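One structure is given below, encoded as structure tokens.
The values are calculated or read from the model by the stated rules, or taken from the named source; none is laboratory data. As the structure is a prediction and not an experimental result, all values here were calculated from the model. For accessibility, only protein heavy atoms count, side chains too; no ligands or nucleic acids. Shrake-Rupley method; radii C 1.70, N 1.55, O 1.52, S 1.80 Å.
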Amino acid sequence: MAGKFTIADLEQRILDRAKAPAEESYTRKLLDKGAAHCAKKFGEEAVEAVLAAVSEDRERLTAEAADVLYHLLVLLHSRDVTLAEVEQLLESRTKKSGLEDKASRARE
């Protein structure tokens, strides 16, 4: 039985596809258009996920969530941010309550 597919697996797939020619890789095409374009695509997918959630369409929300995760990882890669860096920050935030963490990051 094959192992469970993880977000780390998705990140590795994105790293691999980023090395392929743009003619063969949607990921490479996105990256070639720059971080701003990657951010726009991420935003579009996030809005689609929100709309699916509001419409209570579970199947569509699941599909849109997958798109959001993919486009987030592409965006992070476009800015040389790794999943490990994000996980490290999330881990540091678990050392205090969500309310304490939110208050500590409040902007004036």
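Remarks
- Heavy-atom accessible area per residue - the chain, 1.4 Å, Å²: 75 Å²
- Kyte-Doolittle mean at least -0.5 and Cα axial length at least 20 Å: DSSP H helices in the chain: 35-54, 58-78
- The chain, accessible surface, carbon-and-sulfur percent (1.4 angstrom probe): 56 percent
- Normalised by the number of residues in the chain, the average gap of Cα pairs under 8 Å and 6 or more apart makes the relative contact order 23 percent.
- Extension gain for Asp16-Leu69 works out to 17.4 nm (0.36 nm per residue, less the C-alpha to C-alpha distance).
- Accessible area (Å², 1.4 Å probe, nearest 10) - Thr82: 60 Å²
- Segment Thr94-Glu59, extension gain: residue separation times 0.36 nm, minus the distance between their alpha carbons: 9.6 nm
- Note on the chain: lysine pairs with Cα distance below 28 Å, sequence gap of 8 or more or different chains, count 13.
- Prolate/oblate/rounded label for the range 22-108 (Cα gyration tensor, a/c 1.5): oblate
- Whether the range 1-64 is rounded, prolate or oblate, judged on the alpha carbon gyration tensor where a/c under 1.5 counts as rounded: oblate
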